[in-house]
Amino acid sequence: MAPEELPSKNQLKKAGDRFRKRVTGALDLDGQQAADDAALIKRWRSAHSAALVKTRIGLGQIVMRIQGLDSQAGLVTQRLKRFDSIVAKLVRDKPRLGEVEDIAGCRAVLPDLATVRDASQQLANARLLNIVNTRDYNEDPHPGGYRALHHWCRRDEFKIEVQLRTERQQQWAELVEEWDEALGIDLKHEMAPVEVLTYFRELANYYSLLDTGMAHSSIDGAALQEATTALRTWAQREVRA
């Protein structure tokens, strides 16, 4: 394969299918073919880098313009999905490797929902970026409570996921990651004790009330208080165990 040549759709499909079968035990994990498939997946991952940087810079310019800032430092983050995470997604969701939409992603954390909507509209008008799919988790939250606005875009023929979050939504997501790492759970896929799941769902609901300006009294936080009490009881029980 020439240095500048990208894998074909067929090559991506076959490599992804073989890797999925190896992880699930249907094929041997060892051998040259396994090493070649891993190298191809990593090559495909790296190929997204230039398009990702362009998307991140463009989103940063939008955010600068909206908020009247003269620097985009710290406004937008970017990441390439880790190799292990790509493989886990191939196993869990069974997509074709060439159809995985979030190998490359960037995220803007914005002050409020109005700014999220403004950034979304300006992103839709971007000349060199094509939004091919959108999911508004603010209107239709994930069952676990997650909220944000996601756009799946194409830039230079590569798929780039763009996430727009409020500051509270970012705080919630960071807390989820901290708990996952500390307890070895998977809140993102609702694999956690019910007390933990309920707490994070109610915390997300309360943050949403704050973001939409609908939290006006202690009654609005009652469900979160109840979930917090249940979580503390669970934690105490786990410590004693």
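The values are calculated or read from the model by the stated rules, or taken from the named source; none is laboratory data. Just so we're clear, the structure is a prediction, and the values are computed from it rather than from any experiment. Note that we place each Cβ from the backbone using ideal geometry, even for glycine, and neighbour counts take in every protein chain shown. Side chains included, ligands, DNA and RNA excluded: accessible areas come from the protein's heavy atoms. Shrake-Rupley method; radii C 1.70, N 1.55, O 1.52, S 1.80 Å.
Looking only at segment 190-202, residues that are part of a helix (DSSP H, G or I) and crowded, with 17+ Cβ neighbours inside 10 Å come to 8 in all.
Of all residue pairs spaced 6 or more apart or on separate chains, none has beta-carbon atoms under 7 Å together with a first member in segment 77-90 that is modelled with pLDDT under 95 and a second member that is in a strand (DSSP E or B). Every test in (1) surrounded by fewer than 19 Cβ atoms within 10 Å (Cβ to Cβ); (2) farther than 30 Å from Thr166 by Cα is passed by Arg22 save one, and that test is (1).
Residue-by-condition table, conditions (1) surrounded by fewer than 20 Cβ atoms within 10 Å (Cβ to Cβ); (2) in a helix (DSSP H, G or I); (3) touching a residue at least 12 places away in the same chain (Cβ under 8 Å); (4) of a type in the set (Lys, Arg):
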residue: Glu161; (1), (2), (3), (4): no, no, yes, no
residue: Leu164; (1), (2), (3), (4): no, no, yes, no
residue: Trp172; (1), (2), (3), (4): no, yes, yes, no
residue: Val176; (1), (2), (3), (4): no, yes, yes, no
residue: Glu181; (1), (2), (3), (4): yes, yes, no, no
residue: Lys188; (1), (2), (3), (4): yes, yes, yes, yes
residue: Ala204; (1), (2), (3), (4): no, yes, yes, no
residue: Gly221; (1), (2), (3), (4): yes, yes, yes, no
residue: Ala227; (1), (2), (3), (4): no, yes, yes, no
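Answer yes or no: is there a residue in segment 117-136 that is assigned to a strand (DSSP E or B) and touching a residue at least 40 places away in the same chain (Cβ under 8 Å). Among the residues of segment 117-136, not one is assigned to a strand (DSSP E or B) and touching a residue at least 40 places away in the same chain (Cβ under 8 Å), which makes the answer no.
Here segment 110-158 is the region considered, the condition is being charged (D, E, K, R) and under 15 Å from the mean Cα position of the chain (by Cα), and the residue that is surrounded by the fewest Cβ atoms within 10 Å (Cβ to Cβ) is Arg135. Residue count for segment 191-209 under the criterion of being under 13 Å from Pro143 (Cα atoms) and among the polar types (S, T, N, Q): the result is 2. Take Arg168 and decide whether it is under 26 Å from Ile62 (Cβ atoms), open to solvent by 30 Å² or more (accessible area, probe 1.4 Å) and either assigned to a helix (DSSP H, G or I) or not small (Gly, Ala, Ser) (or both). Yes; evaluated as a whole, the condition is true for this residue.
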